[in-house]
Amino acid sequence: MGPLDRLNADPAAQVLPTLLACCDVPAWADAVLAGRPYASAQELYAVADAAARDFSPAEVDRALAAHPRIGQRVRGNGTGAGWSRQEQSGVATDSATQQALQDGNRAYENRFGRVFLICATGLSSEEILSSLRERLEHDEQTEAAVVAEELRKIALLRLSKAVDET
C-alpha cells in the first residue's frame, strides 16, 4: 500500500495529527480529510491548496503559534519539529547571522505582533534577512497577505513530506 493509499484508507483520527503538523488549522485539515479518497497526489494538493487560500486571520494566528522564530532551532522529536529543522537547515548559525535574525525577529514582532514566517526551504540566511527587512516596510494588510501565502506554501510543502513519509 502506497503513501497516498494509506492517507486515503487510514481512519480520520489517525491522519488528523499529521495534517495538523503540516498546518495547525483545523478547518484546513478537515477540508483535506473531507476530500478523501484522492485519485492522485495532485488532486490532494489541489484540495489542500484551495483550502489554504481561505485562511482567516485567526487561523493564521493559530498556525503561527506552532512555528518557531526563524533562526531558532526547534527541540523535540515530533514530526513538526523535524520538518522545522529541515526547513531552516540553510540558516547560518554564526553569531553575526544569529544576532541579525534575533534583531530582525524582534523588530518584526514589535511592528506586526506576530512571529516572522517565511517558507525557508532552500533559502540562504542572506535571502531570509533580505525578505525580513523588506517585509518590515509593508503595511499591515500587505503583510497579512504575505504571511498567509507563506503559511500556505509551508502547509503544502509539509503535506508533500507527509505523503512521502506516510
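Some values worked out for this structure:
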| read-out | value |
| --- | --- |
| Burial ranking of peptide ranges 46-53, 96-103 (average Cβ count within 10 Å, highest at the top) | 46-53, 96-103 |
| Ranked TYR45, TYR38, criterion: other C-beta atoms within 10 Å, fewest first | TYR45, TYR38 |
| Whole-Å distance, taken between Cα centres, linking the stretch 118-141 and the stretch 101-116 | 11 Å |
| GluC sites (Glu not before Pro) within the stretch 103-166, DSSP loop, no more than 14 other Cβ atoms inside 10 Å | GLU137 |
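Bear in mind that the values in this text are calculations on the coordinates, not laboratory data. The model shown is predicted, which means the values in this text are computed figures rather than measured ones. Reconstructed Cβ throughout: ideal geometry from the backbone, glycine too, with neighbour counts over all protein chains shown.
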